[in-house]
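Data first, discussion second: the structure below is written as structure tokens.
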Amino acid sequence: MTVTGSRHVGSALDRVDAVEKVTGRARYAYDNAPAGLVHAVPVQATIARGEILEVDVDAILKRPGVVAAIWHGNAPRLPSADEELAVLQSRRVAYRGQYVAVVVAETLEDARNAARLLRVEYAAEEHDVELRADHPRMYRPERVNAGYATDTEDGDPDAALASAPVVVDAVYSTPAEHNNPMEPHATIAEWDGDGLTVHEPTQGASSLRASLGSLFGMPPAHVRVVSPYVGGGFGAKLKILPHVVIAALAAKQVGRPVKLAVTRRQMFAVTGYRTPTIQRVRLGAEAGGRLVAITHDVYEQTSIVAEFAEQAAVPSRMMYAAPHRRTTHRLVRLDVPTPSYMRGPGETPGMFALESAMDELAIACGVDPVELRVRNEPETDPESGLPFSSRNLVACLREGARRFGWAGRDPEPGVRRGGRLLVGTGVAASTYPAYRAPSSASARAEPDGRFTVRLAAADIGTGARTILAQIAADTLRTSPGLVVVELGDSALPSAVVAGGSMGSASWGTAVVRACEALRDRLEAAGGAVPPGGLEATADTTQEVRAQEPFARHAFGAQFAEVGVDADTGETRVLRLLGVFAAGRILNPTTARSQFIGGMTMGLSMALLEESIMDREFGDYLNHDLAQYHIAGCADVRDVQAFWVEEDDSHLNPMGSKGIGEIGIVGTAAAIANAVHHATGVRIRDLPIRMDKLVR
Ligand code: MOS
């Protein structure tokens, strides 16, 4: 059964949890206060590399309210942990801001005060925190994020570039960027004998449970992760983080429930960020703009304690038809905090480079940038040779051009004035893979006509609760108002993370199958629900593994109009318009919110976001939202998202592709391309700052 043609999927249902959230009834992790609670405040390293010599525990234990002070010298040992999670397990300091101790006290104030006064002695060593493409310790990782091959090569790109009539050869760079969800991380950890319960805002309760189980050497069934509401994640809440380990360790040590709230300032060192990138892109083309060669070489950083290899060159493998292609990723381990997932890892920085280079190629060939992309549309996935399950980039470009008013655009840069402003327009393509992963769900019918659907999915603000109710309602042939969706708890049927834009596709499949199984049971029972209710479960492992080979991706086209102050270089995005092809749109209200949210984050990336490395101290300098700028309301003037109808039967029962990340992909390039059109200045190094424009 598919839910195509259904009544509720595709309709603009309001968020089912909206009232709980706006009235403050929704209980977030930090809101929990079990009896006997104590507060933990971690202490962060003030050196970027070296050893902890001594921590003055005795002095701090004499302070009011202090219950414990834990560091490597007295911490419970973890049976198994990788280096990043082996918190308080070694004297080594691998990055500035790494947790070196934690103080536990009766009140938050007592804990904070004692943590501030705790004396930690270090033996500092010289640190190396600077990413350079020619760093002598650059290495080739085994794989890059999401399991992709590190390098790929097809044909003979060097020869093709040497003989191509038109060549673009440029280096693009993106700075480190920090995820800043509205809700900072917070853990409440509580042991009950052998069992551990953790309240934690997470993008994946099932996977956090598995991580905690293996870390503490116990069966996953002994761990429960409770996370019904999450105030944004963007990748920062995707995997287990060191503060969760500290909270659990501290709770074990003191034998009481522990609350640990990570502050906004602490987040800049301990909850992940997007690696800075240096990317060389070379495009070789015929005079008319047909690509013959693409090479994309990426240089990035990771930390000493963990490898995270952002897959930035991966979109260059499948975007355009070019017979000769090469992509590479190189990493260097620096004395820096560990980079991690941030909305659209890989595609986001990678498409800034590729789509900027495509704009440079359009100019070099004298071809309209929309037309250039249309001319390079591949028949099949250039990388795998597989057919695309659906690919509507051209439709997005055409529809976007029409809505934006692209026709008749004068390509000449730096010639349009509106008062003090130089005005220009730009375009870039977007893409994101349509993943799906195994999940399970249960569906239950009550005698009063109501239904409950349960699975350990996460609604991180996306609207997952709402669309799962719509999907269940259609499958059960009832209304969403009669379906309660319970999620955000590892005690529920296991489900994949809210990550990789695969939540809806993965959980939706499980919900459809569980609801179908329940319908079968209802029919077998003659249509009447027995007094005790009826329940059915489903697991989609088989179905997902057996799916036919296709190249599955969502596409989009982003159009930007900018005004750049001719004297100061201050840049404003006057208009941003995106058109996306992402399968069936399950709920236009929540989908629009995802698209314009991603585009806004892309605008923020283009103009503002930049974590600045302090080379002397070896850490990112800007540790708060006063210094790390994210776009505010005044920066976001006119952002519009549309989509084209896409009927793709090779995806999942809903016919949907993920939409959580594609909105940010390509946005920064569209804006940089518009800035070039406005000013004649090509900014290849984000963000687009005034000092780079005015020389
Ligand atoms: Mo996303 S960065 O996969 O949460």
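The values are calculated or read from the model by the stated rules, or taken from the named source; none is laboratory data. Every value quoted in this text rests on a predicted model; they were computed, and no experiment measured them. Every residue, glycine among them, receives a Cβ derived from its backbone with ideal geometry; neighbour counts consider all protein chains shown. Please note that ligands, DNA and RNA were not included when accessible areas were found on the heavy atoms of the full protein model with its side chains. Shrake-Rupley method; radii C 1.70, N 1.55, O 1.52, S 1.80 Å.
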*May I ask you to derive the relative contact order of the chain, considering only C-alpha pairs under 8 Å and at least 6 residues apart, and to give it as an integer percent?*
17 percent
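Within a Cβ distance under 12 Å of Q470, other residues only, what is the Lys/Arg minus Asp/Glu net charge?
Values: positive: R7, R15, R465, R584; negative: D14, D474.
Once positives and negatives cancel, what remains is +2.
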*Could you pull the accessible area for E300 with a 1.4 Å probe, rounded to 10 Å²?*
0 Å²
*asked:* Going Cα to Cα from K239, which lysines come in below 22 Å? Please leave out same-chain ones fewer than 8 positions away.
replied: K252, K259
*Rounded if a/c is under 1.5, else prolate if a/b is larger than b/c, else oblate: which is region 107-204, with a ≥ b ≥ c the root eigenvalues of its Cα gyration tensor?*
prolate
*Rounded, prolate or oblate: which fits region 152-243 when a ≥ b ≥ c are the square roots of the eigenvalues of the alpha-carbon gyration tensor, with rounded for a/c under 1.5 and prolate only if a/b beats b/c?*
prolate
*Across region 342-356, in residue order, what do the Karplus-derived ³J(HN,Hα) couplings come to in whole Hz, using 6.51 cos²θ - 1.76 cosθ + 1.60 with θ = phi - 60° and x for Gly and Pro?*
9, 2, x, x, x, 4, 5, x, x, 6, 4, 5, 4, 6, 6
_For C396, C633, C365, give me the order by solvent-accessible area with a 1.4 Å probe, most accessible first, ignoring ligands, DNA and RNA._
C633, C365, C396
_Estimated vicinal HN-Hα couplings, Hz - region 264-273 in sequence order (Karplus 6.51, -1.76, 1.60; Gly, Pro = x)_ = 4, 5, 5, 4, 5, 10, 10, 10, x, 6
_Residue by residue through region 97-113, what is 3J(HN,Hα) from phi via Karplus (6.51 cos²θ - 1.76 cosθ + 1.60, θ = phi - 60°)? Round to whole Hz and write x for glycine and proline._
x, 4, 5, 10, 6, 9, 10, 10, 8, 5, 10, 4, 5, 4, 5, 5, 4
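What 222 nm value per residue comes from the helices of the chain, counting each DSSP H run with n ≥ 4 as -39,500 (n - 2.57) and dividing by all residues, nearest 500 deg cm²/dmol? Could the numbers behind the result be given before it?
Details: 16 runs with 173 residues, N = 695.
Here the helix-only value at 222 nm equals -7500 deg cm²/dmol.
Indicate the gyration tensor shape class of region 544-695 (rounded, prolate or oblate), computed on the Cα atoms with a ≥ b ≥ c the square roots of the eigenvalues: a/c under 1.5 is rounded; otherwise a/b larger than b/c is prolate and the rest oblate. Let's see the in-between values first.
Details: a/c = 2.39, a/b = 1.75, b/c = 1.36.
Verdict is prolate for region 544-695.
For the chain, give me the percentage of DSSP beta bridges that are antiparallel, rounded to the nearest 5 percent.
On the way: 92 of 121 bridges.
Looking only at bridges with both residues in the chain, the antiparallel portion is about 75 percent.
For region 419-551, give me the percentage of DSSP beta bridges that are antiparallel, rounded to the nearest 5 percent.
Restricted to region 419-551, the bridges split so that about 70 percent are antiparallel.
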*Neighbour net charge for W643 - beta-carbon separation under 11 angstrom, K R +1, D E -1*: 0
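If Lys and Arg each add +1 and Asp and Glu each add -1, what is the summed charge of the other residues whose beta carbon sits under 15 Å from the beta carbon of R27?
-4
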*Value of relative contact order over region 599-695, rounded to a whole percent, pairs C-alpha under 8 Å and six or more apart*: 40 percent
*Quick one: if you take sqrt(5λ) for each eigenvalue of the C-alpha gyration tensor of region 478-558, what semi-axes come out, biggest first, whole angstrom?*
29, 16, 14
_Cα-based Rg and Dmax for region 552-601, where Dmax is the largest Cα-Cα distance (Å)_ = 14.4, 46
*Give the Debye-formula value of log10 I(q)/I(0) at each listed q (0.15, 0.19 Å⁻¹), with one equal scatterer per alpha carbon of region 69-136, two decimals each.*
-0.64, -0.89
*Rounded to a whole number, what is D in µm²/s for region 215-308 from Stokes-Einstein with the Kirkwood radius over alpha-carbon pairs (20 °C, 1.002 mPa s)?*
120 µm²/s
*Give the Rg (one decimal place) followed by the Dmax (whole number) of region 366-505, computed from C-alpha coordinates and expressed in Å.*
22.8, 71
_Heavy-atom SASA rank of T46, T509, T679 (probe 1.4 Å, accessible area, largest first)_ = T46, T679, T509
*Largest-first ordering by accessible area, 1.4 Å probe, given options L88, L621, L131*: L621, L131, L88
*Within the P(r) computed for the chain, what percentage of the Cα pairs occupies the region above 42 Å?*
29 percent
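Highest mean first, what order results for 525-533, 551-559, 94-102 on Cβ atoms within 10 Å? The partial results should precede the final answer.
Details: 525-533: 10.4, 551-559: 27.8, 94-102: 24.0.
The packing order, highest mean first, is 551-559, 94-102, 525-533.
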